[in-house]
Amino acid sequence: GKTTLLNLMAGLLRPTRGRVSVLGVSPEAPEELGRLVGYCTQHDSFPRALSGRELLRSWLRLCGWTDSTAQSLADEAIARVGLEEAATRKVAGYSKGMRQRIKLALAICHRPRVLLLDEPLNGLDPLARAEAIALFRALADEGLHVVLSSHILHEVDLVSDRVVLVNGGYLIAEGQIQTVRGEMPEHPLQVLIRCDRPAAL
């Protein structure tokens, strides 16, 4: 249900029942919603012939920015995700971690007010994860609404001030991370390990 919810918020899916809006903007107004929302999807598909900088600049030009402004915004986003050295390389040759970073740059380059992140830390090494988490916090401190989807709770702990747990499309719990942890049932297959020498273990 996590990716479906983000796709609904981004206007990529339409609800069969009910309504969805982001800061009062409905998917029925796609241009306005597109300016408002940045989306870093779980999966990627890039034009193979473009460099990272060309990809961002082309996207910004499609969004209506002038060439000079598109270049400036692209460089700013590339710097924020730490891809300056790879900006002129073809995206087709990027590693998994670099593809994650360029997707994040695509999501923030047009300066959205809401950032949707679907499993944004997948494929990143520990240092890159720490840098990404620091960037998410910085963006939130700047006033961006950051909505992050993850199934790894300790990562959620590091970046969230409010948590919603979804399972099979149903809302299980919602609130502060400490409160939500207290509401979670114990896993039925928990195993207790005792060890005389924990350091050796």
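The values are calculated or read from the model by the stated rules, or taken from the named source; none is laboratory data. Fair warning: this is a prediction, and the values are worked out from it, not measured in the lab. Methodologically, a virtual Cβ is constructed for each residue, glycine included, from the backbone with ideal geometry; neighbour enumeration extends over all protein chains shown. For accessibility, only protein heavy atoms count, side chains too; no ligands or nucleic acids. Shrake-Rupley method; radii C 1.70, N 1.55, O 1.52, S 1.80 Å.
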Practice task
Could you grab the pairs with beta carbons closer than 7 Å, sequence gap of 6+ or different chains, first residue in region 23-36 and free of Cβ contacts under 8 Å to residues at least 40 places away in the same chain, second one open to solvent by 80 Å² or more (accessible area, probe 1.4 Å) and not in a loop (DSSP other than H, G, I, E, B)?
Solution key: V25/E32
Exercise for the section: Give me a count of the residues in region 68-88 that are more than 14 Å from A105 (Cβ to Cβ) and either in contact with a Leu (Cβ under 9 Å, 6 or more places away or on another chain) or aromatic (F, W, Y) (or both). Expected result: 1
Problem - Test for R57: is it open to solvent by less than 80 Å² (accessible area, probe 1.4 Å) and either touching a helix residue (DSSP H, G or I) at 6+ places or on another chain (Cβ under 8 Å) or modelled with pLDDT of 95 or more (or both) - result: yes
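Quick grid of which residues meet (1) surrounded by 17 or more Cβ atoms within 10 Å (Cβ to Cβ); (2) over 20 Å from R48 (Cβ atoms):
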{"residue": "G64", "(1), (2)": "no, yes"}
{"residue": "D67", "(1), (2)": "no, yes"}
{"residue": "A70", "(1), (2)": "yes, yes"}
{"residue": "I78", "(1), (2)": "yes, no"}
{"residue": "T88", "(1), (2)": "no, no"}
{"residue": "Y94", "(1), (2)": "yes, no"}
{"residue": "M98", "(1), (2)": "yes, no"}
Exercise for the section: With respect to L106, determine if the residue is closer than 17 Å to A10 by Cβ, in contact with a Pro (Cβ under 8 Å, 6 or more places away or on another chain) and either modelled with pLDDT under 85 or not in a loop (DSSP other than H, G, I, E, B) (or both). Expected result: no
